Structures are given as C-alpha cells and as structure tokens.
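For reference, the structure discussed in these notes is given below.
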Amino acid sequence: MDETTLKISIAAFIHDIGKFAGRELLGLSSNVIDQKAADFLPVYNGRYSHHHALYTAEFIDRFKASLPGEFDRPWGEGDGLVKLAASHHNPSTAMEWIIAEADRLSSGMDRETFDAGENDAIAISDYEKTRLLPVLEILNAGDQNEAIKKKEQYKHALPLAPLGPQTMFPMPSEKVVPSDKAAAKGEYKRLFDAFTQELDNLLHKNCIGLWFEHFESLTMQYLSQMPAARVGHVIADVSLYDHMKTTAALATALYLYHKGTESMTVSAVKDGQTEKFLLVSGDFHGIQKFIFSGYGDTRKYRSKLIRGRSFYVSVLTELAATLLCKKIGLPSVCVVLNAGGKFTLIAPNTPAAQESVRETQKEIDEWFYRLTYGEACISLSAVEASPDAFGSGEFPLLQDQINRQMVERKLCRIDLDRFGGTIESYFNHQEDRPCPFCGKRPADQTVTLADDTHSCRLCKDHIQLGQSIVKFNTMAVTEKMKQPGTNDLQETIFDTFQLCFPDSDMASEASSGRLLKYWRLNTDNNTAHTGGATLRYYNGYVPTYIDVQEPSLEEAITVGAPKTLNDIAARAILTGTDGKTSGVEALGVLKADGDQLGLLMACGLPKKLYSISRLATMSRQVNNFFVIYLPWLLQTDERFQNVYTVFAGGDDLLLIGPWNAIVALAPVVAREFNAYACKNPNIHLSAGISIHKVHTPVDAMAEEAETAIEHSKTGGRDRLTLFGETVTWREVEELDQIRKTMETWLDSKALSRSMFYRLNTFIDMAGREALLTRNQTIHIRDMDCTRWRSLLAYAVERNVGKSINPNERSQTIREIREALTQWLLTWQGKLRIPLWDIQYNRR
C-alpha cells in the first residue's frame, strides 16, 4: 500500500478524536488554544469554532510517545499527518479538502435532525450529557417517508462505556443520561483514561499499517457507544467510531480516485456528481454445506471439524476482503461492513480498481473450485456511485443496486464455461481414496492424523484449526512461505495467506512486512481489553473440561480441552436429590435467525436517515449480539455452559448442546434479542430445534434444524418449532407454565405415570378432531376421534389421585380433568411440547 494512501486514511480516521479527548481531558489552557487556533479552526461570526479539530492536533502531540513515529515526522507526499487530521474544518490544499469532503459527506449522511419546532436543542455546554440513541429502536415496516420528529420516539439510550456484554444493551434514557455535568464529565474521564492506557500498549508501532488495524479495533471498543454529533437538534444515533471509520473509507477512496485520474485539485475534489466511488460487496455462498459436509465415520473428529470449519468461514470472508484491499491498495478500514459471511468496502472508481475486482474474483473462484468443486464460493459485486449518491435520501437507491447485483451473482456464481465438465486427474494415484471426513477430495497419503488416518489437506487444516482456537488466544496471518512450518496450514488461503498461532508478538515479521494480521481471539467475553492487538470475535463459546474428575464418557480428559459431543449429550441426564439419574442422552440443535432483518434494515428507516453509516451501525450492533453477548451468556449461565457455538454472527446462529439445555435456551435468546432491540415489535427471531441421538451425522442434524426453522418462518415468523409443533414465543411461555403444572401433578403423585403417557393418545385424537372441523365432508369412519372427552374422563377417574386422601380425591380428579380438557381444546398437538419435555427428562 502506498504510504500517502495510508497517511490519508489514518488522518481521516483520527480527525474527530478531539471530540473524545476534549479540552479538559487534555488540560489545555486558554493561552495554548489562542496560540494554535488559527492553524486549524475556522472563524464563524468573528469567533473560532469547531474546537474539536484543535483538540485532535493536541491529542496527537500529547500522546506522540504512544503513537508511531510517522505521526511526528514528514511522511509520504503532501501535507503532514497532523495538519491533514486537524484541518478538516479549515482546509486549504486538495489533500486537506479530501478529508474535509469525506467528513462533510459522512456528516451529511449521519446528521439528520429532529423537528426544531417540537424539540429543545442540546446546548453546547451540555454536549457531554448526550448519549447514543439505538437505531434498532425505530426500525419499522411502515412508510419510509415518515420522519423521526421527536426525541420521545427514542425511549432508550446506550451507556457511555467500553463495548462489552454487560454494557452493550440499550437502557431506559433516564437511567443512562447523567443528571448533571459533573457525572457526565466523570464518565468521559474514566473512558478516556482506560483508552489512553490501552493506547500505550498497542503492538507493532514499527509497522504503521498493522498498528492502524490495532488502533481501529481499540477505537471500536471504546468509541462505538459514543455519539458522533452531540449538540443542536441532531439525532445522535451514529457512533463516533462509525463516523470516523466511514470518513476514513471515503477519504481513502477519494484520494486514490483523484490520484489515479490525475485530478488532484480543490475544485475536482469538491465535485459531487462524478462517479468517484466503487462499492464492492462480497457474499459467502454455501456456508452450511461447507461447515456440515460429512462422510463416513467422522465421530472422533466431528466437533473439531465443525469448530474449525465455522472459524474458517469467518477467516475466509475477512481475507477475501483483505485480498481485494491488497490488490486495490486500500487499508482494512475501507471495509465498512463485515458480518455473517458478507462484507462491503468502499474503493475508488478507477479502471485499475475495477480490474482488481475482476482479478480477485478470478483467483477466489479458482481456489474455491479447486478445494470445494464449486459447492462454496465468495462472489463479488461492484456498483459505481457519486458523492451525491451517498447524500441524504439517495443512499437507498444505491443500496438497492448493490442488493440486486448480489442476488444476480448468487444465481450464477460459477462460470460453467471455465469450470464445467469433469475434474481431470481427480485421483492422481491408483491407491487414492476419498477423504474419510468430507468424502469429496482425495485423501492425501502424506497427510496423517494422530490416529494414522489419512485425510485431504483441507480437512486436516480444519481439524487443526478446531484444536488451536481453543488452546490459543492469538492468531496471525502471514504471507505464504515457500517452506511452510510444521504447524502451518496445508492449504494456504487463496494461495496467498498463511495462518499460525504465535506465542510472541512477531515484531521481526512485522518489521519485514511479512506479518499481515495479528488478532486476539476474544476468549474472555467479559472484558473490553484488546491486549494490544486487533480483537476478533470469531471463536464463539466452546465448553471445555474444567476438572479431570469431571464425569466423562471419554477414556481420558485434559483440563481446558473442548468437550466432545458425546460428553455434551451426556449432560442431558439429570441427577435428582436422591442421587438417581433420569432422562434421555441426546443432542439438541438450535437454529435461529432474525425475521426479515435484512429487509427491515433496507426499508425500515425514513429515507433521510438511511445511510451507509447507519447501515454499518445496525449491522455491527446486530452482529455484536451474536458474537459478543451470546458467548458471554453461554459462558456465565450455569444452565447453558455445555452449549456449543457452531456459528453465530450476522443475524443468525446454530448451537449444539444437551437437548434440554437447548430447549431452555431458545426462549432466553429470543427474549434477550428483543430486549436488545428495545422491544421493537418489528424485530424478532424465528427458531427451530431438532433432537438427535449422539451418533447422528452432523449434516443430518443441521438439515433437521433447518427444516424446523423453515416451519417457523412459513408458520408466520416470530416462532419456535419443537417436537414438530410450531408455536409463538408467547405460547412457549404459556406452555412452560403447563409443564410446571404437569410436573407438580407427577411429583405429588396426583397423576400416575401410566396416565401421563396416555396423554399422547388424547393429544392425537384432539388434533384429528380439530382437522375434522375444517373439512366440508366428514366420514363416519373418521368420527372415532371425537370420543376423546369421554375416554379422558374415564381415564382420569381410574388413574388420578389413587394415593390421595379420599376426601380430596374427587376435587383433584375434577381439577385435572377440567385442566386437561381445556388444554386439549386450546392446544391440541402443541401440548406435546410440555408433555414430551417431561417424558424425555424423566425417562
């Protein structure tokens, strides 16, 4: 990447850091401000304004010991980094105007306002009391032209705190907004002190491109819940982090466009009608088939395979964007969206960039075809755009173009002219056999696992990754080496990138330029600390053995090692207070995703509010629920500590765990997700649960869970499908109360076990009777089911309350008969959900 390009990007990203630092936190005197104001600040009504630009310059000067040396010396072409970063409100050169235009374009997208006639403006003196408003709260399926006029439409706000599972939920505004200035200043100071302490510990200052990635990650952790605009009538729903990131992406693309077209003049930079931008989106197709591809006897390695492949999908998506950025000459900050197997980046609309997109697609296609034979791929789509197209009210049309192109690419993702036909030399040697794990690629006789099994090179990589991401919390991406190390991947990613799990900061590799990425895999979901590197939430939550004495079906266990699916299934067995065990040893699979969330995010905002920065904010916030909060929930709630994250990100998840823990978890996730969206009735989950014997192939598990969630969606959405029955989340709660009542009857011996099992017959009869009422013609042979009431009454009389005091028995019989009759009339087949839950747990 060109030095000047990187300088522009960093300057544009850091341009508003002064809004965070502020005069008091920097300890600036009036004399210092007066001396330096003319260098950076514009004059408005005879006075200097936009003082945060000066604070940005002072922040860089004050903390230069914690920053790379390039911040304090001539670097690249044109203006110095400090001047570029702090002159965005008083630009003079073309390069300064690039950042000013990017900032104004980003601000124009962000800063829609409330109706001035119906709302009090936020005074400049009260800016520290402004808190970030949650965009998800006002998403709706109504009229896109409807404006957000009143602050009262937002009843929640986000706390000013580092991003974390216990701070990321919106709260009622009265609990978040400080009551006085002193409290507000105190919150800012605590956040600033923690930020600057971590800033001093960022790694790789000798490689400024890598350091910049760490700095962006640090900024996301500390500034993604701070509003970018804090005074006047502004709708403060875009974070400072998102504004800084969008500004950097736009500025970088503008610089490369004007450099590439030799039009680096102020007038050309200010032109808003020329199509200067290229929005490139990537989409990973075939994720589920890629993760769950199974063949033969894979039980010994299946948990490692699932874990490794799920992690691999996230890595492939990010490295596809990295490969494209590398070819165009962009820093990673230009990737403005990245979640759930999709990404979007902003590039310059130049012939060179367009050719880079084509070259990247070609290389990705060839790599995927060689390794997956076209079953999985990442397709790229590109749309040209002018600065004006990003403006207020225009971005929805641009986003619609992007979505249409992505759909078209999905329907024709493989070039049959290039990749059609048979695969030559599938078996290179007569003794070759298919890989025992995927059944697709030939097993490589030079690739041997611990039990002397031969596998293909890619499955070996997935097994190795599945082991490593639990053992290590640091991962590095390096350039491909001619002689790979013993622990390196067998198949380099896109024939370009190698992965490793280092035990050092790899300073020498960073200095030589061979180290491309250095990630902390966040295994401690209860802290915001980055550990000096770029945070990535790719590894989810994996249950591990915490004690060598822990009950296990395995011959030997190691503390810290991931639990096998066999042991996870065994955790479904319950132990009573008398030491006796009961229940079915089985796995539950939960699949869930947001209902029409993509459509809501595309059409659920007023046109004037719809912008790439708000889209980035919404996408990141939804993704955070699944990659930050959900793993923390599984880790900290005793009920769910044996639940395994197969994948979670974007707006969907797939979890495997003890079947009864999964059944208990589903309504908790749905309820928490709705709370995260401020109880917006338009935002909810559909889910499906399938239950399996422990040795069921994982692809079969995934297919059944997929079928279950499809029933939930076709049944009206905002629903759960369990035991073949589809119910709303409210019905789930009501049926859970029925389950508790049934358990009370069993525990008190008011209801015998034999009678309890006979309820299945009555449920079936009541269900068939309900179907009869929907038919115009009823045959006499189908009328037998209508006898269920009399049969139920007889069965209850014979089987209920035999051990109860005779004086109380008649009352108990009447109560149980009436309750069962009412439940059967109301619920029919849905009554299987509480009934089978109890039967499976008490067997």
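Amide hydrogen proximity for VAL694: with H placed 1.01 Å from N in the peptide plane, the residues at 5 or more positions away or on another chain lying under 5 Å are LEU587.
Projecting the Cα atoms of THR714, ILE804, VAL335 onto the charge dipole of the chain, computed from C-beta unit charges around the Cα centre, puts ILE804 farthest toward the positive end.
Ordering CYS678, CYS377, ALA251 by Cα displacement along the dipole of the chain toward the positive end leaves CYS678 in first place; charges were set at the Cβ atoms of Lys, Arg (+1) and Asp, Glu (-1).
Amide H contacts for ILE235 (H built 1.01 Å from N in the peptide plane; partners 5 or more residues away or on another chain; cut-off under 5 Å): GLU112, THR113, PHE114. Taking a ≥ b ≥ c as the square roots of the eigenvalues of the Cα gyration tensor, region 633-722 is oblate, since a/c reaches 1.5 or more and a/b is not larger than b/c.
Across q = 0.32 Å⁻¹, region 310-350 modelled as identical point scatterers on its alpha-carbon atoms has Debye log10 I(q)/I(0) values of -1.14, in the order of the q list. Region 557-634 and region 36-98 have their alpha-carbon centroids 44 Å apart. Compared with the dominant principal axis of the Cα atoms in the chain, helix 612-624 is inclined by about 40°.
Between 0 and 90 degrees, the angle of helix 181-199 with respect to the longest Cα principal axis of the chain falls at about 80 degrees. If the viscosity is 1.002 mPa s and the temperature 20 °C, what translational diffusion coefficient in µm²/s does Stokes-Einstein give for the chain when Rh comes from Kirkwood over Cα pairs? Diffusion coefficient, whole number: 73 µm²/s. Here LYS83 is the anchor, and the lysines within straight C-alpha reach of less than 18 Å, apart from those fewer than 8 places off in the same chain, are LYS7, LYS19, LYS36, LYS64.
Here the chain has 48 percent of its accessible surface on carbon and sulfur atoms, given a 1.4 Å probe and all protein chains in place. Ordering TYR545, ASN623, GLY588 by Cα displacement along the dipole of region 503-653 toward the positive end leaves ASN623 in first place; charges were set at the Cβ atoms of Lys, Arg (+1) and Asp, Glu (-1). Taken about its Cα centre, the chain carries a charge dipole of about 2060 debye when Lys and Arg each add +1 at the Cβ and Asp and Glu each add -1 at the Cβ.
Take every pair of alpha-carbon atoms less than 8 Å apart whose residues are at least six positions apart; their mean separation over the length of the chain yields a relative contact order of 12 percent. From the Cα gyration tensor of region 555-595, with a ≥ b ≥ c the square roots of its eigenvalues, which class applies: rounded if a/c is under 1.5, or else prolate if a/b is larger than b/c, or else oblate? Oblate, since a/c reaches 1.5 and b/c is not below a/b. Charges were assigned to the Cβ only: +1 to each Lys and Arg, -1 to each Asp and Glu. The resulting dipole of region 34-95 about its Cα centre is roughly 140 debye. Once C-alpha pairs closer than 8 Å and six or more residues apart are averaged by separation and normalised to the residue number of region 616-674, the relative contact order reads 28 percent. Pairs of Cα atoms nearer than 8 Å and 6+ residues apart set the relative contact order; for region 530-649 it is 31 percent. Size descriptors for region 697-843 (Cα atoms only): Rg and Dmax, in that order, 17.2, 56 Å.
Shape analysis of region 558-699 places it in the prolate category; the axes a ≥ b ≥ c from the Cα gyration tensor give an a/c of at least 1.5, with a/b above b/c. Compared with the dominant Cα axis of the chain, that is its longest principal axis, helix 698-714 is turned about 90°.
If only the Cβ of Lys and Arg carry +1 and only the Cβ of Asp and Glu carry -1, the dipole of region 746-786 around its Cα centre is close to 100 debye.
The values are calculated or read from the model by the stated rules, or taken from the named source; none is laboratory data. Quick caveat, the model's predicted, so the values are computed rather than measured. Cβ coordinates were reconstructed from backbone atoms using ideal geometry, including for glycine residues, and neighbour counts include every protein chain displayed. Accessible surface is based on the protein model in full, side chains and every heavy atom, while ligands, DNA and RNA are left aside. Shrake-Rupley method; radii C 1.70, N 1.55, O 1.52, S 1.80 Å.
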